[in-house]
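Q: This is the structure I want to talk about, given as structure tokens.
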Amino acid sequence: TDCLSPIGETLIRRSLKHETQEISPEFIMTATRPSSAYAGNPFQVEVGLVYGGNLPKDETVRIMRFANRVPLLYQQGGCVTTQAISSIDWRRYGLDQKSGKGVPRGPAIILVHVASTQIPFTSESKEAVADVEEIENEIKLALRSCARNVQRHIRKKVRRKKTRDKFLLISK
């Protein structure tokens with residue numbers, strides 16, 4: 001696994017902060033999974049999640065997909081990253097999602113980076129990562145770890161608002 005070239009949590013956080021300056025997000029979280037292997041090929045998954053700020057609350061979450069530091073711009077629906085994001089029940093983490101399936105709605109941006117020596121693309125055009133169970137599971141684990149931190153942030157925000165409202169009510 002020494003041959004992998006991940007971006008790194010600090011660079012992901014720094015780039016997400018730089019790209020979302022005009023949005024002024026409330027929360028930025030990153031996670032890097034330890035290296036794994038599929039069919040003898042090592043890979044590593046990195047995830048970044050931006051929440052809040054001036055992001056629209058009623059639109060679907062923006063997904064940024066990368067494979068070996070190269071952005072994947074096309075065939076988002078056929079990519080394992082989108083399938084992993086769609087299969088998670090985001091309602092328990094504070095984002096809206098119809099019937100617990102599909103891409104969630106809410107003020108968030110999700111970044112997924114897969115670093116590997118041999119990325120399994122769906123075709124020669126290298127537009128989407130193929131459906132490999134090991135990669136999908138690692139993406140889900142990384143996303144859930146970020147989502148738990150966002151969930152804690154949302155709960156603290158709600159608790160602070162309730163406490164403030166109660167204080168104002170009592171002081172009146």
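The values are calculated or read from the model by the stated rules, or taken from the named source; none is laboratory data. Keep in mind that this is a model prediction, so the values were computed, not measured. As a convention, Cβ positions derive from the backbone with ideal geometry for all residues, glycine included, and neighbour counts pool all protein chains shown. The area values use the complete protein model at the heavy-atom level, side chains included, leaving out ligands, DNA and RNA. Shrake-Rupley method; radii C 1.70, N 1.55, O 1.52, S 1.80 Å.
Q: Can you list residue pairs whose Cβ atoms sit under 8 Å apart, with the first residue in the range 123-151 being at positive phi and open to solvent by 10 Å² or more (accessible area, probe 1.4 Å) and the second being part of a loop (DSSP other than H, G, I, E, B) and not acidic (Asp, Glu)? Count only pairs 6 or more apart in sequence or on different chains.
A: LYS126/LEU72; LYS126/ILE119
Q: Right, another one. Does LYS157 satisfy being open to solvent by 30 Å² or more (accessible area, probe 1.4 Å), touching a helix residue (DSSP H, G or I) at 6+ places or on another chain (Cβ under 8 Å) and in a helix (DSSP H, G or I)?
A: no
Q: Further question on the same structure: Quick one: count up the residues across the range 71-88 that are in contact (Cβ under 8 Å) with a residue 40 or more places away in the chain and either among the charged types (D, E, K, R) or under 18 Å from THR30 (Cα atoms) (or both).
A: Of all residues in the range 71-88, those in contact (Cβ under 8 Å) with a residue 40 or more places away in the chain come to 72-76, 78-81, 83-85, 87-88.
Checking the rest, the ones that are also either among the charged types (D, E, K, R) or under 18 Å from THR30 (Cα atoms) (or both) come to 81, 84-85, 88.
Here the count works out to 4.
Q: Considering only residues that are open to solvent by 40 Å² or more (accessible area, probe 1.4 Å) and in contact (Cβ under 8 Å) with a residue 24 or more places away in the chain, which ones fall in the range 101-122? Steps first, answer last, please.
A: Initial filter on the range 101-122 (open to solvent by 40 Å² or more (accessible area, probe 1.4 Å)): 101, 103, 105, 117-118, 121-122.
Across the range 101-122, the qualifying residues are VAL103, ARG105, THR117, GLN118, PHE121, THR122.
Q: Ok, one more. If I filter the range 24-52 down to residues being farther than 11 Å from ILE110 by Cα and in contact with an Asp or Glu (Cβ under 6 Å, 6 or more places away or on another chain), which single residue comes out as most open to solvent (accessible area, probe 1.4 Å)?
A: Step by step, filter the range 24-52, then rank; the result is ARG33.
Q: If you don't mind, another one. Hey, can you tell me all the residues within the range 116-143 that are farther than 15 Å from GLN83 by Cβ and part of a helix (DSSP H, G or I)?
A: Passing the criteria: none in range.
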